[in-house]
Amino acid sequence: MLIAGLCLRLFFVLKFPAIPATQFFYEQIATNWLKHHVYGMDVGGLSRPSICAMPGYPAVSCLMYALTGRTGAHARLWVMVAQIAWIFFPGLVTARLAALLLAPPKTPRRTSACIPSPLWLAVLCPFTANYAAVPLTEVFAVLWTGLACNFLVLALRRAQGRIFC
């Protein structure tokens, strides 16, 4: 399953890479952060601190720049390859959420039997697989949303067990 998902994401990255307009903004912040130790933008030829964006995605880009020794457009492919790894986590989290929702509330240990079908759907979904080919924050948004939903279901089950037992 995971190899099929990896191949699909590699296909999107290599065949259909897309560069959104916001990518230049994130690249500039990450480059300034790495080279000048300033979280900011170039203004008048100088790096000026900025609070225009949350630091999550520029931090990932900065990490990839440091690991590859490349910045900006020269490192985009490596950022997208890193997103391939990150996009697998939402697939696993989504499969776990589906298993939690499909399993009876009183049997939390038996959810592993429900995982294969949702995992196939999650790793082969073309919509989320396409996110790997576009350097954007959606990869991380899908992951954190899935984790939040998992914790919500677990919290509701725990609360339901305390109220009615």
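Data table
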item: Residue that is modelled with pLDDT under 80 and part of a loop (DSSP other than H, G, I, E, B), where the choices are 136, 119; result: 136
item: Residue list for the range 42-73, restricted to those being more than 21 Å from the chain's Cα centre (by Cα), at negative phi and of a type outside the set (D, E, K, R); result: 43, 46, 47, 49, 50, 51
item: Every residue from the range 59-75 that is closer than 14 Å to residue 139 by Cβ and crowded, with 16+ Cβ neighbours inside 10 Å; result: 60, 61, 64
item: Single residue of 67, 34 found to be assigned to a helix (DSSP H, G or I) and touching a Cys at 6+ places or on another chain (Cβ under 8 Å); result: 34
item: Filter pass, residue 13 being surrounded by 12 or more Cβ atoms within 10 Å (Cβ to Cβ), β-branched (Val, Ile, Thr) and touching a Leu at 6+ places or on another chain (Cβ under 8 Å); result: yes
item: Residue list for the range 16-26, restricted to those being open to solvent by less than 60 Å² (accessible area, probe 1.4 Å) and within 17 Å of the chain's Cα centre (by Cα); result: 18, 20, 23, 26
item: Residue within the range 32-49 that is small (Gly, Ala, Ser), over 14 Å from residue 135 (Cα atoms), open to solvent by 60 Å² or more (accessible area, probe 1.4 Å) and at pLDDT 85 or above present; result: no
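Conditions (1) open to solvent by less than 20 Å² (accessible area, probe 1.4 Å); (2) over 24 Å from residue 7 (Cα atoms); (3) modelled with pLDDT of 80 or more; (4) touching an Asp or Glu at 6+ places or on another chain (Cβ under 8 Å), marked per residue:
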position: 78; (1), (2), (3), (4): no, no, yes, no
position: 88; (1), (2), (3), (4): no, no, no, no
position: 99; (1), (2), (3), (4): yes, yes, yes, no
position: 107; (1), (2), (3), (4): no, yes, no, no
position: 111; (1), (2), (3), (4): yes, yes, no, no
position: 125; (1), (2), (3), (4): no, no, yes, no
position: 130; (1), (2), (3), (4): no, no, yes, no
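The values are calculated or read from the model by the stated rules, or taken from the named source; none is laboratory data. Everything numeric in this text was worked out from a predicted model, so none of it was measured. All Cβ positions, even for glycine, are placed from backbone atoms using ideal geometry, and neighbour counts span all protein chains on display. Heavy atoms of the whole protein, side chains included, go into the accessibility calculation; ligands, DNA and RNA do not. Shrake-Rupley method; radii C 1.70, N 1.55, O 1.52, S 1.80 Å.
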